[in-house]
1. Sort out which residues of segment B:100-120 are on the phi < 0 side of the Ramachandran plot and surrounded by fewer than 21 Cβ atoms within 10 Å (Cβ to Cβ), and write them in order of number.
2. Please indicate, with yes or no, whether at least one residue in segment A:223-234 is surrounded by 20 or more Cβ atoms within 10 Å (Cβ to Cβ), touching a residue at least 24 places away in the same chain (Cβ under 8 Å) and farther than 28 Å from A:Val100 by Cβ.
3. Scan segment A:133-147 and report the pairs whose first residue is closer than 22 Å to A:Leu158 by Cβ and without any contact (Cβ under 8 Å) to a residue 24 or more places away in the chain and whose second residue is among the hydroxyl-bearing types (Ser, Thr, Tyr) and in a strand (DSSP E or B), with Cβ atoms within less than 9 Å and a gap of 6+ or a chain change.
4. I'm trying to understand the selection: among the residues of segment A:108-129, which are under 22 Å from A:Leu214 (Cβ atoms) and either in contact (Cβ under 8 Å) with a residue 12 or more places away in the chain or touching a helix residue (DSSP H, G or I) at 6+ places or on another chain (Cβ under 9 Å) (or both)?
5. Does at least one position in segment B:147-169 carry a residue that is at pLDDT 90 or above and outside any helix (DSSP H, G or I)?
6. Test A:Ala152 against the criterion of being among the aliphatic types (A, V, I, L, M), under 16 Å from B:Ala161 (Cβ atoms), buried (at least 24 other Cβ atoms within 10 Å of the Cβ) and away from chain B (no Cβ under 11 Å), and give yes or no.
7. Those residues that are surrounded by fewer than 18 Cβ atoms within 10 Å (Cβ to Cβ) and within 9 Å of chain B (Cβ to nearest Cβ), I need them from segment A:184-201; list them, please.
8. Sort through B:Ala108, B:Ala117, B:Ala98, B:Ala132 and tell me the only one that's more than 16 Å from B:Leu188 (Cβ to Cβ), aliphatic (A, V, I, L, M) and either touching a Phe, Trp or Tyr at 6+ places or on another chain (Cβ under 9 Å) or at pLDDT 95 or above (or both).
Amino acid sequence: MTRPRASWKRRVARALMALGGVLVLATAFIGFAHTKWGRPFLALMTGAKCPIGMDASLTPKDRDAARTQALASQWGQGAAPSKVAFGFVLGTTSRADVEVWATKNALTCKQKRAGNNLVCDGFPAAQLDGPGGNPDSARLIFDASDKLIGVALMRSSLDAEQAASAWSQRAASLAETFGAPTSARGEGTAAFLSSGPLRQADLEYRFADASVALRATNLGGGRVSLTEQMMIPPTS
Amino acid sequence: MLATRATGAAIALALGCTLLACGDDTGTGGAGTSGTTTTTSTKATSVASGTTKATTAANGSSNSGSSATGAMACNIDICTMYGAAVPAVAGQIVDEAAADPEFMDDFAPLVAEGPAAVMAFKTSLANFVSDAYGCTTDAYTGPSMMAAHAGMGITQAEYDAFIGLIAGVLADNGVPADQIMNCFAPPLVDPTFANTIIGQ
């Protein structure tokens, strides 16, 4: 009579211990999965998709179609007077040309996340079509036929004086090439740019076949960024 | 007994680890997680005033905007004044990002999924923004900013460029510069929030 009872107790104890063990492992895993190192595994396991689909892969043609669609509202009137962007010719310079250029200038350029692009850890100031300080990063965008279709330069840690100086030089250079901007907002002066976070000066040129933008933004903490971009539609 | 005690201790330790890890999200998440948002635009106000008391005192005016370090007090109720415009502004942020050379390749897969996917993302962003500024609570149901950007290696320069894009969209939508600076900027330029996105 007592044997079956003892056996039952032992079984319950074992089951509880097993359950406890499973709980320990599961909880430990959940804990790990929510750490910085564990989150990618969590995303993989749960099948969670990146909310903006950065984990999706597109064919080069499909990417160009998406770019064309996204850019559709960006174009203006008339042909751009120039498609030279910082020494490159948009629609003509190839990815191979850029890679040779990067090697020659001792720049490290890497493809960043999805897409057909290169992000370089600097840009030779001498290659700007006029003065304007040293960009600290450059993003180069290529289309499906590996032609360069966009360049974005970033100077991200200027103070207001440096930003204003670079702004005036770059704005003058753009005016010389493209004429009057399609739109302008804010002032590229040190007084304006230093007056608070998100104070911004912006110039845009929109042509039927190219867009150009110069933007200075106060990022708070005394930092001002200066971005400069030129883009054409995919050629393929 | 020993096994039971060891099991209990391990569970407590693991739970502590879990809470610590999740707490990392909310603790450094600032405006990034809806759970940390409070009730109204006073959140932006408090951040702003916390960073610029000296400037406000020096200027004596909320409109002069001559600070070299940060914003002044936000004197409007963001939700009353701009709450209804959040979906349109969020939508424009997505459209601009998808057409910006800095971000277009990141957004291309979303655009390729079609208008319904784009609209769903715009709605999600609008909910996030609404929660972040305290206009709603828990409207945003997506992942935390840390989880959403895990593995992407977003750089400070990319974050800065995106903040610049947002500032441009706010200005394009007629938000006065002083309100952008004093009311909308503080959470965006808050390093604590930025660090939930940068380098994840």
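1. B:Ala112, B:Glu113, B:Pro115, B:Ala116, B:Ala117, B:Met119, B:Ala120
2. Within segment A:223-234, one or more residues are surrounded by 20 or more Cβ atoms within 10 Å (Cβ to Cβ), touching a residue at least 24 places away in the same chain (Cβ under 8 Å) and farther than 28 Å from A:Val100 by Cβ.
3. Close Cβ pairs (under 9 Å, with a partner that is among the hydroxyl-bearing types (Ser, Thr, Tyr) and in a strand (DSSP E or B)) amount to A:Asp136/A:Ser156; A:Asp136/A:Ser157; A:Ser137/A:Ser156.
4. A:Asn117, A:Leu118, A:Val119, A:Cys120, A:Asp121, A:Gly122, A:Phe123, A:Pro124, A:Gln127, A:Leu128, A:Asp129
5. The answer is no, given that none of the residues of segment B:147-169 is at pLDDT 90 or above and outside any helix (DSSP H, G or I).
6. no
7. A:Arg185, A:Ala191
8. Only one candidate passes the filter, namely B:Ala98.
The values are calculated or read from the model by the stated rules, or taken from the named source; none is laboratory data. Just so it is clear, the model here is predicted, and its values are computed rather than measured. Because the Cβ atoms are built from the backbone with ideal geometry, glycine has one as well, and the counts that use them run over all protein chains shown.
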